[in-house]
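Undergrad: For reference, the structure I am asking about is given below.
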Amino acid sequence: MSPTDAHAHGHGHGSSRGYLIGFGLSALLTAVPFWLVMTGALGSVQATALWVVGLAFVQIVVHTLFFLHVNTRAEGGWTLLALIFTVVIVAIVISGSLWIMYHLNANMMHMGSGGPPAGS
């Protein structure tokens, strides 16, 4: 099987052009948050944090597409399906852990500064 046949069947790796586009986007998605934080251009810490987190997620997508080659063509779509499954499981574990910790904290008996309640 020649490299062009492998690429046509979704088994090939990216081209030089694809890697350069991915590198350029990655560099931009690294420089912009750095600039936002160092200059305080947005004026709000919360807005800056939201933009940095949002651009981080965009950078994850760029790396996944351009460098890991996870798409619907690779391995007949199985790599994308495995990635989606992994993301769902991680989201369930993280959200479940946060939910449990929140409810444990909310339902624990909080002792005041006066010691045990009166009448015990």
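The values are calculated or read from the model by the stated rules, or taken from the named source; none is laboratory data. For clarity, every value in this text was computed on a predicted model and none was experimentally measured. All Cβ positions, even for glycine, are placed from backbone atoms using ideal geometry, and neighbour counts span all protein chains on display.
Undergrad: Taking the conditions exactly as written (outside the structural domain of PHE23 (by TED's automatic domain parsing) and surrounded by 15 or more Cβ atoms within 10 Å (Cβ to Cβ)), does LEU80 satisfy them or not? If you could, list the steps in order and put the result at the bottom.
TA: Details: outside the structural domain of PHE23 (by TED's automatic domain parsing): yes; surrounded by 15 or more Cβ atoms within 10 Å (Cβ to Cβ): yes.
For LEU80, the condition - outside the structural domain of PHE23 (by TED's automatic domain parsing) and surrounded by 15 or more Cβ atoms within 10 Å (Cβ to Cβ) - is met.
Undergrad: Kindly evaluate GLY43 against the criterion of being modelled with pLDDT under 95, among the small types (Gly, Ala, Ser) and on the phi > 0 side of the Ramachandran plot.
TA: yes
Undergrad: Right, another one. Has segment 51-72 got at least one residue that is farther than 24 Å from ILE84 by Cα, surrounded by fewer than 16 Cβ atoms within 10 Å (Cβ to Cβ), hydrophobic (A, V, I, L, M, F, W, C) and at pLDDT 95 or above?
TA: No; the residues of segment 51-72 include none that is farther than 24 Å from ILE84 by Cα, surrounded by fewer than 16 Cβ atoms within 10 Å (Cβ to Cβ), hydrophobic (A, V, I, L, M, F, W, C) and at pLDDT 95 or above.
Let's see how each residue does on (1) part of a loop (DSSP other than H, G, I, E, B); (2) under 30 Å from TRP35 (Cβ atoms); (3) of a type in the set (S, T, N, Q); (4) in contact (Cβ under 8 Å) with a residue 24 or more places away in the chain:
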| position | (1), (2), (3), (4) |
| --- | --- |
| VAL52 | no, yes, no, no |
| THR64 | no, yes, yes, no |
| VAL70 | yes, yes, no, no |
| ILE84 | no, no, no, no |
| ILE89 | no, no, no, no |
| ILE92 | no, no, no, no |
